[in-house]
1. Restricting attention to segment 43-64, report how many residues are assigned to a helix (DSSP H, G or I) and touching a helix residue (DSSP H, G or I) at 6+ places or on another chain (Cβ under 8 Å).
2. Just wondering, is there one or more residues in segment 92-103 that are in a helix (DSSP H, G or I), surrounded by 10 or more Cβ atoms within 10 Å (Cβ to Cβ) and within 19 Å of the chain's Cα centre (by Cα)?
3. Does segment 65-83 include one or more residues that are touching a strand residue (DSSP E or B) at 6+ places or on another chain (Cβ under 9 Å), part of a loop (DSSP other than H, G, I, E, B) and surrounded by 12 or more Cβ atoms within 10 Å (Cβ to Cβ)?
4. Limited to segment 41-64, what total is found for residues that are surrounded by 10 or more Cβ atoms within 10 Å (Cβ to Cβ) and over 19 Å from residue 114 (Cα atoms)?
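Just so it is clear, none of the values below were taken in a lab; they were calculated from the coordinates. Since we're looking at a predicted model, the values are computed, not measured. Here the Cβ is made from the backbone with ideal geometry for all residues, glycine too, and neighbour counts use every protein chain on show.
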């Protein structure tokens with residue numbers, strides 16, 4: 001029965017001295033701010049990839065009209081709005097209607113993933 005019990009020996013958390021931590025502590029506030037400014041400059045100089053373009057034909061029909069109505073009221077990207085509207089419509093319709101391609105059925109399911117560095 002003693003084997004099933006958890007035995008704790010020593011402190012639950014061990015404190016390990018690290019040379020880097022000591023150096024950070026020794027760094028003055030002025031030095032820290034200077035290094036932070038250098039890091040910001042380096043980050044600002046990094047080249048961001050161009051924002052992808054989408055053909056205007058993608059905003060055809062009712063979904064496109066909804067995007068045009070929402071666009072002036074939000075900071076969201078129009079492509080993200082369109083994707084969410086189409087996904088919402090597919091989920092609302094469900095798995096009953098489909099389009100046949102050969103022997104397979106293509107339902108209204110749409111799964112979207114929106115990600116971008118912020």
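1. First, pick out the residues of segment 43-64 that are assigned to a helix (DSSP H, G or I): 43-45, 56-59, 61-64.
Within this subset, residues satisfying the condition of being touching a helix residue (DSSP H, G or I) at 6+ places or on another chain (Cβ under 8 Å) are 58-59, 63-64.
Here the count works out to 4.
2. The answer is no, given that none of the residues of segment 92-103 is in a helix (DSSP H, G or I), surrounded by 10 or more Cβ atoms within 10 Å (Cβ to Cβ) and within 19 Å of the chain's Cα centre (by Cα).
3. Taking segment 65-83 first, the residues touching a strand residue (DSSP E or B) at 6+ places or on another chain (Cβ under 9 Å) are none.
No: zero hits.
4. Our first condition is that a residue be surrounded by 10 or more Cβ atoms within 10 Å (Cβ to Cβ); within segment 41-64, this holds for 54, 58-60, 63-64.
Remaining after also requiring over 19 Å from residue 114 (Cα atoms): 60.
Qualifying residue count, segment 41-64: 1.
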